[in-house]
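Q: Sharing a structure with you now.
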Ligand code: AMP
């Protein structure tokens, strides 16, 4: 028997019920905040990520599913959505701003454990073409709202600013000097990153003590980035979302500038506690070769971790089970099922014709329906017998009355 690959999951009921609740909240909030749906390829040119996300990042160095296709091109299963979103925006020749929402599987070759999968799922909101700090505030507010909406508890938000490209270049030299002075205390990985990606050392788990008093980007912001960050914080204050400014939060990908943020839940241990993260990525379009500048900000939220922090959605999954006494009436009953479903009711019946009423009641019980309707002799008078599970007697109702009876009207 062939089994699934390491680090991948079959998401089936009852677990998938929480996933459905998550995606419902995602689609609902996308509409409320005006984010249109984007469906993008799962497979992209490798360069999109090596240039967009950056050669010296962990994702590109170690985690990508990259292979040659039959035409000899190097292709990669997307490890993240942002680079593809900007590519799509530029490729569509889009003008002005566009707010996009996307969801789907991402692929990273990781050491699998709980909350760290090789195929995992993200929901994603991107505000493209907008430089205003109000876009940053909206994306952060929406992320926070989404986690609240699906029932995550103990949400905390960390924000930081890593400055503009020029600030980053100047700060990078300051940080490199500091790291060289502490080289002996650094992990081998961090030592290697001094030249290639020194920012990443700031959030390295193995180097927390060694970099405790490192200079942080927020103390080296230029005028414009400082004003932008001030406006983001003021906006968050105004909408009443609590946050912490965390100087060491950098999110180590090449495309970020200015705002970066992460969301956590107290339901998790530290290592896998980030439920989502994002930030502003004005340089990304340029990194992937666009002549047009695309200021933008976005967020990716990790569904696999979020569902772990979600309560069971509970409730019944079925409103009514229809039992048919006489198999000759199945075609009429079949049409009635269709009408009830059109009225928005979740209805089921026994798929096998001619089963005894007792057998059908058993199926009804197992189905988790709240009530049963019996199509018997009274059908010829336009009536059925209905009964709620867990209560006493059944009652006869006109067929047209059943929907409102179920809905309690
Ligand atoms: P990132 O942009 O890498 O910070 O990813 C955003 C969010 O996706 C994280 O905060 C996690 O919740 C989730 N995530 C990232 N990588 C994985 C993974 N390998 N397995 C499960 N969730 C992940």
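Q: Tally the residues that are surrounded by fewer than 17 Cβ atoms within 10 Å (Cβ to Cβ) and in contact with a helix residue (DSSP H, G or I) (Cβ under 6 Å, 6 or more places away or on another chain), restricting the search to segment 205-244.
A: 4
Q: Might you let me know whether segment 155-171 holds any residue that is away from the ligand (no atom under 16 Å from the Cβ) and part of a loop (DSSP other than H, G, I, E, B)?
A: yes
Q: Give me a count of the residues in segment 1-54 that are farther than 30 Å from residue 149 by Cα and out of contact with any helix residue (DSSP H, G or I) (no Cβ under 8 Å at 6 or more places or on another chain).
A: Result for segment 1-54: 10.
Q: On the given criteria, is residue 109 in a loop (DSSP other than H, G, I, E, B), within 16 Å of the ligand (Cβ to nearest atom) and under 30 Å from residue 11 (Cα atoms)?
A: Yes; evaluated as a whole, the condition is true for this residue.
Q: Among 80, 103, 126, which is the only one that is assigned to a loop (DSSP other than H, G, I, E, B), crowded, with 17+ Cβ neighbours inside 10 Å, at pLDDT 95 or above and within 13 Å of the ligand (Cβ to nearest atom)?
A: Matching residue, one of 80, 103, 126: 80.
Q: Also, quick follow-up: Residues 359, 314: which one is free of Cβ contacts under 8 Å to residues at least 60 places away in the same chain and on the phi > 0 side of the Ramachandran plot?
A: 314 is the lone residue from the list that is free of Cβ contacts under 8 Å to residues at least 60 places away in the same chain and on the phi > 0 side of the Ramachandran plot.
Q: Consider residue 50 against the criteria (1) away from the ligand (no atom under 14 Å from the Cβ); (2) surrounded by fewer than 15 Cβ atoms within 10 Å (Cβ to Cβ); (3) more than 21 Å from residue 99 (Cα to Cα): it satisfies all of them except one. Which criterion is unmet?
A: (2)
Q: Go through the residues of segment 323-331 one by one and say whether even a single one is assigned by TED's automatic domain parsing to the domain that holds residue 159 and part of a loop (DSSP other than H, G, I, E, B).
A: no
Q: Could you give every pair whose Cβ atoms fall below 7 Å, whose first residue belongs to segment 380-404 and is surrounded by 14 or more Cβ atoms within 10 Å (Cβ to Cβ), and whose second residue is in a loop (DSSP other than H, G, I, E, B), counting only separations of at least 6 or pairs across chains?
A: From segment 380-404, the pairs are 385/376; 385/394; 386/394; 387/394; 399/382; 403/343; 403/345.
Q: Kindly indicate whether any position in segment 257-266 is in a loop (DSSP other than H, G, I, E, B), within 14 Å of the ligand (Cβ to nearest atom) and under 20 Å from the mean Cα position of the chain (by Cα).
A: So far as segment 257-266 goes, no, none of its residues is in a loop (DSSP other than H, G, I, E, B), within 14 Å of the ligand (Cβ to nearest atom) and under 20 Å from the mean Cα position of the chain (by Cα).
Q: Anything in segment 271-308 that is more than 10 Å from the ligand (Cβ to nearest atom) and assigned to a loop (DSSP other than H, G, I, E, B)? List them, or say none.
A: Result: 271, 281, 282, 283, 288, 289, 290, 291, 292, 293, 294, 295.
Q: Here is a check on your reading of the model: is residue 384 more than 27 Å from residue 14 (Cβ to Cβ), part of a strand (DSSP E or B) and in contact with a helix residue (DSSP H, G or I) (Cβ under 9 Å, 6 or more places away or on another chain)?
A: For residue 384, the condition - more than 27 Å from residue 14 (Cβ to Cβ), part of a strand (DSSP E or B) and in contact with a helix residue (DSSP H, G or I) (Cβ under 9 Å, 6 or more places away or on another chain) - is met.
Q: Something else: Within segment 368-379, track down each residue that is part of a helix (DSSP H, G or I) and surrounded by fewer than 18 Cβ atoms within 10 Å (Cβ to Cβ).
A: Result: 377, 378.
Q: Run residue 365 past the list (1) free of Cβ contacts under 8 Å to residues at least 24 places away in the same chain; (2) closer than 26 Å to residue 13 by Cβ; (3) assigned to a helix (DSSP H, G or I) and report the number of the one that doesn't hold.
A: Of the numbered conditions (1) free of Cβ contacts under 8 Å to residues at least 24 places away in the same chain; (2) closer than 26 Å to residue 13 by Cβ; (3) assigned to a helix (DSSP H, G or I), the odd one out for residue 365 is (1).
The values are calculated or read from the model by the stated rules, or taken from the named source; none is laboratory data. All values reported here derive from a predicted model rather than from experimental measurement. Here Cβ is always computed from backbone atoms with ideal geometry, including for glycine, and neighbour counts include all displayed protein chains.
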